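Contents: one structure, followed by commentary.
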Amino acid sequence: MKDRITMLPASLKNGLQQQLTQTKAIHEADLGKGCGRVALPYALARKYPNVNREWGWQYVFPATRQYRDRETGERRRHHLHESCVQKALRAAVGKTRVTKPVHCHTFRHSFATHLLEAGYDIRTIQELLGHKDVSTTMIYTHVLNKGGLAVRNPLDA
């Protein structure tokens, strides 16, 4: 239950726009069939009874199938299950010559490591990763392995 902030690479903008176009088409088809609702957090469903049909509340990566809500009987579409992403990653890694284990969490570690290598400060990385304590983020610094000799004098920048 944490919100995290990250940046979207410019190279993914077109692909994400295409995904949103496809998702909106799925949502509109669902609405045409009398469904197209999502489960809302907390008491929002009671406060705003029809907002769960609005486009802004739909998942960017929707599930391929709908389900019937046990309480309301409504047909809904949830987000793509994490196991689908894990299977796709496993298949992609299988097509490469990468022999090390690769999991979805690998990208989180890679992201943090690349930010450190690019010179971003540890507090910014802590915030992006959603760590409560900076000591958790400090774990990533071991991969730099540069020591004090890698520090550049600001006058040399």
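Among the lysines in the chain, how many pairs, 8 or more places apart or on different chains, have alpha carbons under 20 Å apart?
5
Given segment 83-146 reduced to its alpha-carbon atoms as identical point scatterers, what log10 I(q)/I(0) does the Debye formula return at q = 0.15, 0.22 Å⁻¹?
Each listed q maps to, in turn, -0.57, -0.89.
Just the Kirkwood number for segment 13-80, please: inverse of mean 1/r across all distinct Cα pairs, in Å, one decimal.
12.4
In debye, nearest 20, what is the charge dipole magnitude of the chain about its Cα centre with +1 on Lys and Arg Cβ and -1 on Asp and Glu Cβ, if you could check?
I would put it at about 620 debye.
The chain: Rg/Rh from Cα coordinates, Kirkwood Rh?
Taking Rh as the inverse mean 1/r over Cα pairs, Rg/Rh reads 1.08.
Hey, rough spin-label estimate for CYS35 and ALA10, points 7 angstrom out along Cα→Cβ, what's it come to in nanometres?
If labels sit at CYS35 and ALA10, their model points lie 4.1 nm apart.
So what is the 222 nm mean residue ellipticity for the chain from helices alone, if each DSSP H run of at least 4 adds -39500 (n - 2.57) and you divide by all residues, rounding to the nearest 500 deg cm²/dmol?
-12000 deg cm²/dmol
Starting from the amide H of HIS79, placed 1.01 Å from N in the peptide plane, find each other amide H under 5 Å away whose residue is 5 or more places distant or on another chain.
ALA63
Bear in mind these aren't lab numbers, they're just calculated from the coordinates by the rules spelled out. From a predicted model like this one, the values you see are computed outputs, not experimental measurements. Note that we place each Cβ from the backbone using ideal geometry, even for glycine, and neighbour counts take in every protein chain shown.
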